[in-house]
Amino acid sequence: MGFFVNFCLRGGDKNDPETRRRCGTVAGGIGIFLNILLFLGKLLAGLITSSVAMIADAVNNLSDAATSVVTLIGFHLAGQEADADHPFGHGRAEYVTGLIVALAVLLMGVEVGRSALDALFHPEPVRATPLSLVILAVAIAVKLWMFLFNRALGRTIDSAAMAATAADSLSDAASTLVVLVSALLAGRISFPIDGLAGLAVSLLILKTGWEAARETLDPLLGRPMDPDLAADIDKLVLGHDNILGIHDLVYHDYGPGRAMMSFHAEVPADGDLLEIHDVIDHIERELKAKHHIETTIHMDPVVRDERTAELRAQVTAQVKGLDPSLSIHDFRITAGPIHTNLIFDVVVPYGFRLSDDQVRAELSARIKGLSDRYFSVIQVDHSYVDGRKN
């Protein structure tokens, strides 16, 4: 297992397009070769035994060979360099590949289900032979190996397409096990076990296809940044002098190893502009080198006088009192002879129990309770980072 994964990587960076293309080529080639062998073996077993479930399982392997071709093509396309028509590269082709694989699995599940229902209502005798049983047992072992290989490779290079292929292989192993059990029971019971086994195979295939489709749709539609990546970015950025905080982080995924990001960095309002600008440039280069992310950073000057710090602490306490998941940024004040404006943004998680207007009204009331002179100007933001895994 480790040999094949290391052969794919060859010491390269998992986010490097050429490395990923090589991994997809190796995995696709192995999948095509083994699935064609399994198709021929199961088809032979199905014809010998007159088993609809075995033939359906064989056709499933033929579809797997076709999806391996799609995987191979998809990784090849994803590895192409950026061009005038696709300035951010072709990395999302890998996600599209995973979706096509998932849709092919769903389609095959429907077709297998139709054949199984026909066998259930119009059963024919099944004649299991030692050869057919051996073929099925070997097929299970091969599919389990393919599952382990694709899962290991998918985790190593963080590929949704490989994860979908691994899930399909595990589903195939379970499906073939069901067919093997039905072949062993055929002739011993009067119930049409062959059709029932085919139906079970169909349901397993549909479940796998649905889960794979959902997994590959997320990056295509746009998903929040992984919290571990966000935490690492926070640590990297805040580790530099003159960076007081970051917020409004927006992340765009254009495929593995191809991403763009922007965020606001809070800097001292009284700092040296040229020095801070040099720090910002250095951070952008550092993020590019470490995470392969093209980054644009907006500088937010923060006043650090005693009065502003005191009011910010009071407002933060009121915000946390409303809900610990809330946070604030861009806090500033404008003092006048009659009242003082407290201006800030509050970050609210998606699905929060209060609407944006209710959050504004509740916080305004709480801050008004601190002093009648305070007037709140509140902008409600929503986090682009996935906080559900924290």
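The values are calculated or read from the model by the stated rules, or taken from the named source; none is laboratory data. This structure is a prediction, so every number in the text was calculated from the model and none was measured. So basically every Cβ, Gly included, is an ideal-geometry build from the backbone, and we count neighbours across all protein chains shown.
Select, from Leu229, Leu217, the only residue that is in contact (Cβ under 8 Å) with a residue 24 or more places away in the chain, closer than 30 Å to Ala289 by Cβ and within 15 Å of the chain's Cα centre (by Cα). Exactly one of Leu229, Leu217 is in contact (Cβ under 8 Å) with a residue 24 or more places away in the chain, closer than 30 Å to Ala289 by Cβ and within 15 Å of the chain's Cα centre (by Cα), namely Leu229.
For residues that are more than 23 Å from the chain's Cα centre (by Cα), assigned to a loop (DSSP other than H, G, I, E, B) and among the hydrophobic types (A, V, I, L, M, F, W, C), tally how many sit in segment 65-100.
Qualifying residue count, segment 65-100: 1.
Among the residues here, Val315 does not qualify as surrounded by 13 or more Cβ atoms within 10 Å (Cβ to Cβ), aliphatic (A, V, I, L, M), in contact with an Asp or Glu (Cβ under 7 Å, 6 or more places away or on another chain) and outside the structural domain of His247 (by TED's automatic domain parsing). State whether the residues of segment 334-351 include one that is at pLDDT 90 or above and small (Gly, Ala, Ser). Checking segment 334-351: not a single residue is at pLDDT 90 or above and small (Gly, Ala, Ser). In segment 279-390, which strands (runs of 3 or more DSSP E) lie fully inside it and hold 3 or more residues that are closer than 26 Å to His240 by Cβ? Strands (runs of 3 or more DSSP E) meeting the threshold: 293-302, 327-335, 340-348. Taking every residue in segment 258-279 that is in the same structural domain as Phe331 (by TED's automatic domain parsing) and pairing it with any residue that is surrounded by 14 or more Cβ atoms within 10 Å (Cβ to Cβ), at least 6 positions away or on another chain, yields no pair with a Cβ-Cβ distance below 9 Å.
When residues of segment 101-145 are filtered for being outside any helix (DSSP H, G or I) and either in contact (Cβ under 8 Å) with a residue 40 or more places away in the chain or not assigned by TED's automatic domain parsing to the domain that holds Ala58 (or both), how many remain?
In the first step, residues of segment 101-145 are kept if they are outside any helix (DSSP H, G or I); the result is 122-129.
Checking the rest, the ones that are also either in contact (Cβ under 8 Å) with a residue 40 or more places away in the chain or not assigned by TED's automatic domain parsing to the domain that holds Ala58 (or both) come to 123-129.
Of the residues in segment 101-145, 7 are outside any helix (DSSP H, G or I) and either in contact (Cβ under 8 Å) with a residue 40 or more places away in the chain or not assigned by TED's automatic domain parsing to the domain that holds Ala58 (or both).
The set of residues in segment 147-186 being under 17 Å from Ala66 (Cα atoms) and either among the charged types (D, E, K, R) or more than 28 Å from the chain's Cα centre (by Cα) (or both) consists of Asp168, Asp172.
Can you pull out every residue in segment 3-12 that is in contact (Cβ under 8 Å) with a residue 60 or more places away in the chain and under 20 Å from His292 (Cα atoms)?
Scanning segment 3-12 gives a single hit, Leu9.
Out of Arg21, Arg10, one residue alone is at pLDDT below 80, in the same structural domain as Ala167 (by TED's automatic domain parsing) and in contact with a Phe, Trp or Tyr (Cβ under 8 Å, 6 or more places away or on another chain). It is Arg21.
Scan segment 53-79 for residues that are free of Cβ contacts under 8 Å to residues at least 24 places away in the same chain and surrounded by fewer than 24 Cβ atoms within 10 Å (Cβ to Cβ) and the total you get is 1.
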